[in-house]
Amino acid sequence: MLQRFWQSKGFTVPVLIGSVTVMPGDLVVGYREGVYFIPPQLVREVLDRADEIHIHDEWTKKKFDEGTYKSSEIYSTPADPKLQQEYQEYLKRRLEEIRKQRSPK
């Protein structure tokens, strides 16, 4: 016997999923571990922070692969001012590249 698990009550209305209210316009991101609902006014901030984290991981992996540094020297924030400067320049360049790719043509 086929059971009905949901029933539409309307469009562009708040929806309760478990104990979370999802509002119209929320960005929904799903992973194996769960689902995130991001209000539209926070989407840019969340995406910008995600880019920074991704770039930091990318840079850290690059430094590990070079075999020149120990993990304690590069993760999470480099102690060496020269290395900090290098990371800041890398971060700035990569953020510019990413934002250029996302900008409307």
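Rundown of residues vs (1) closer than 29 Å to residue 26 by Cβ; (2) in a loop (DSSP other than H, G, I, E, B), yes/no style:
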| site | (1), (2) |
| --- | --- |
| 48 | yes, no |
| 60 | no, no |
| 68 | no, yes |
| 79 | no, yes |
| 90 | no, no |
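For the stretch 14-25, state whether one or more residues are more than 26 Å from residue 84 (Cα to Cα), touching a helix residue (DSSP H, G or I) at 6+ places or on another chain (Cβ under 7 Å), part of a strand (DSSP E or B) and without any contact (Cβ under 8 Å) to a residue 60 or more places away in the chain.
No, there is no match, as no residue in the stretch 14-25 is more than 26 Å from residue 84 (Cα to Cα), touching a helix residue (DSSP H, G or I) at 6+ places or on another chain (Cβ under 7 Å), part of a strand (DSSP E or B) and without any contact (Cβ under 8 Å) to a residue 60 or more places away in the chain.
Quick check on residue 69: is it at pLDDT below 90, in contact with a Lys or Arg (Cβ under 8 Å, 6 or more places away or on another chain), of a type outside the set (A, V, I, L, M, F, W, C) and surrounded by 12 or more Cβ atoms within 10 Å (Cβ to Cβ)?
yes
Quick one: which residue in 28, 35, 43 is touching a strand residue (DSSP E or B) at 6+ places or on another chain (Cβ under 9 Å), of a type outside the set (S, T, N, Q) and in a helix (DSSP H, G or I)?
Of the residues listed, the single one that is touching a strand residue (DSSP E or B) at 6+ places or on another chain (Cβ under 9 Å), of a type outside the set (S, T, N, Q) and in a helix (DSSP H, G or I) is 43.
Please count how many residues of the stretch 47-105 are of a type in the set (Val, Ile, Thr) and over 22 Å from the mean Cα position of the chain (by Cα).
Result for the stretch 47-105: 1.
Are any residues in the stretch 72-105 loosely packed, with under 10 Cβ neighbours inside 10 Å and either at pLDDT below 90 or over 20 Å from residue 48 (Cα atoms) (or both), and if so, which ones?
72, 76, 77, 79, 81, 82, 102, 103, 104, 105
The values are calculated or read from the model by the stated rules, or taken from the named source; none is laboratory data. Quantities reported herein were computed from a predicted structural model and do not represent experimental measurements. Here the Cβ is made from the backbone with ideal geometry for all residues, glycine too, and neighbour counts use every protein chain on show.
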